[in-house]
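Since the structure comes first, as structure tokens, the remarks are kept for the end.
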Amino acid sequence: MREKVSFISGGVACAAWHYPGTNGGCVVMTGGFAVTKEPGTDRFAERFNAAGFSVLAFDHRNFGESAGEPRQVARIPDQLDDWRSAIAHAATLPGVERVAIWAFSLPGGYILQLASEDLGISAAIAQSPNVDGPTVTRNASRYQTPGAALRLVGRAILDNLGALFGRKPRLVALAGPPGTVALLNTPDAQQTDEALDPDNRYRDWQQTLAARSVFPAALYRPIKYAPNVRCPLLYVVCEDDQSALAAPALKAAAQTPDATVLQVPGGHYAPFLDAHEQVVEAELVFLTRQLSGKKQSPSAEKSPQTAG
């Protein structure tokens, strides 16, 4: 069972689902960059909650059911502030004693920065994380045609100029095949619907992003926070990830003081597809160990590999 709640971040009401738990642990979650809470967290949140954890799954401002204008504009500093407010709110929920954070893709990179701050976080999970924007952007450009790349850059420049005059955002698709103007044209980005909305349940999810948000995402490098992470952090790394890349995530894990690494075969969305059960079980083992102090689940046949 879950209930709608909200909290305030920067004067804006952020909408969230609260799943009450029983073991004192709470997992704060959000979807990927411009992915709303339902397609981005439902499947994992339900499993975490069934194991006894509370969950607070929220939408960043300007997206989904959260307030904020202009719509579909993702500002990384604002989204990080939304996370800080969500973490603070989670600590006030009934029965919550310890808080963990979970996210994937670009917000999976946020996990490193947040876990390096003094926010009272007991554990963190970065799933398919984008930890090095410039490296990931260079790789992604291999799958763009020159014409589409120029149109994307042009739209981003025009949108940034329009923002100075209060004009409505110029939108781009989150994913699209090579030759189309999209945030990602990588092969595994083409699995977005299959992974996040296979049954077309989330018809209100607008799979677009303001073009003005593209450049900041391309320059964001949360890997620099890895040495300062304050809590145990589980990296879920997809070996064939073409959208966030495995190598930068493994490099970040090697620099993180208390890191655990789970490597799974497949692309960016493998934790939602073929590797789903393996990833959920590993994440539950990790959360149980860090938040509730209970013994490891007997159904987890293999513990994640520890990176040091």
- [ ] For Lys4, go through the aspartates and glutamates and keep the ones whose alpha-carbon is under 19 Å away, minus same-chain ones fewer than eight residues off.
- [x] Glu38, Asp42, Glu46, Asp59, Glu65, Asp82, Asp204
TODO: Please list, in chain and number order, the residues 5+ apart from Val27 or on another chain whose amide H is under 5 Å from its amide H, with Hs placed from the backbone.
DONE: Ser54, Val55, Leu56, Ala100
Task: Inter-label distance for Ile157 and Gln206, nm, one decimal - labels placed 7 Å from Cα along Cα-to-Cβ - done: 2.6 nm
- [ ] Keeping the other protein chains in place, figure out the carbon and sulfur percent of the accessible area of segment 3-291, with a 1.4 Å probe.
- [x] 53 percent
Task: R0 of 51 Å, Cβ-Cβ distance Ala88-Ala149: FRET efficiency to nearest 0.05 - done: 0.80
Task: Top of Asn62, Asn200, Asn185 by mean-square fluctuation, Gaussian network on the chain, Cα under 10 Å - done: Asn200
Task: Lys, Arg +1 and Asp, Glu -1 on Cβ, resulting dipole of segment 3-291 about Cα centre, debye, nearest 20 - done: 1040 debye
Task: Relative contact order, percent, segment 159-265 [alpha-carbon distance under 8 Å, six or more residues apart] - done: 23 percent
- [ ] Compute the acute angle (0 to 90°) between the alpha-carbon long axis of helix 76-90 and the principal axis of greatest extent of the alpha-carbon atoms of the chain; round to the nearest 10°.
- [x] 20 degrees
Task: Residues listed by number, segment 227-257, amide nitrogen under 17 Å from Arg138 label point at 7 Å toward C-beta - done: 242-252
Open item on the list: So I have (1) 204; (2) 117; (3) 162, and one of them is volume of the Cα convex hull per residue in Å³ calculated from this model. Which one is it?
Closed with: (2)
TODO: Pull up the DSSP beta bridges for the chain and report the antiparallel fraction as a percent, rounded to 5.
DONE: 40 percent
TODO: Return a whole-number percent for the relative contact order of the chain, with Cα pairs under 8 Å and 6 or more residues apart as the contact set.
DONE: 17 percent
- [ ] May I ask for the distance between the Cα centers of segment 210-276 and segment 77-128, given as a whole number of Å?
- [x] 15 Å
TODO: Quickly estimate the mean residue ellipticity at 222 nm for the chain, helices only: each DSSP H run with n ≥ 4 gives -39500 (n - 2.57), and the total goes over all residues, rounded to 500.
DONE: -10000 deg cm²/dmol
TODO: Enter the angle in degrees (range 0 to 90, nearest 10) between the Cα long axis of helix 276-287 and the first principal axis of the Cα atoms of the chain, meaning the one along which they spread out most.
DONE: 60 degrees
TODO: With everything on Cα atoms, drop me the angle between helix 37-50 and the longest principal axis of the chain, reported from 0 to 90° to the nearest 10.
DONE: 10 degrees
TODO: For a quick protection proxy, order the peptides 140-146, 275-281 by their average other-Cβ count within 10 Å, most packed first.
DONE: 275-281, 140-146
Open item on the list: For Lys224, give me every one of the aspartates and glutamates with a C-alpha distance below 15 angstrom, ignoring sequence neighbours fewer than eight places off in its own chain.
Closed with: Glu117, Asp132
- [ ] Could you state the accessible area per residue of segment 3-291 in Å², with a 1.4 Å probe and every protein chain left in place?
- [x] 38 Å²
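The values are calculated or read from the model by the stated rules, or taken from the named source; none is laboratory data. Keep in mind it's a predicted model, so treat the numbers as computed, not measured. Cβ: placed from backbone, ideal geometry, glycine included. Neighbour counts: every protein chain shown. Surface areas here come from the heavy atoms of the whole protein model, side chains and all, with no ligands, DNA or RNA. Shrake-Rupley method; radii C 1.70, N 1.55, O 1.52, S 1.80 Å.
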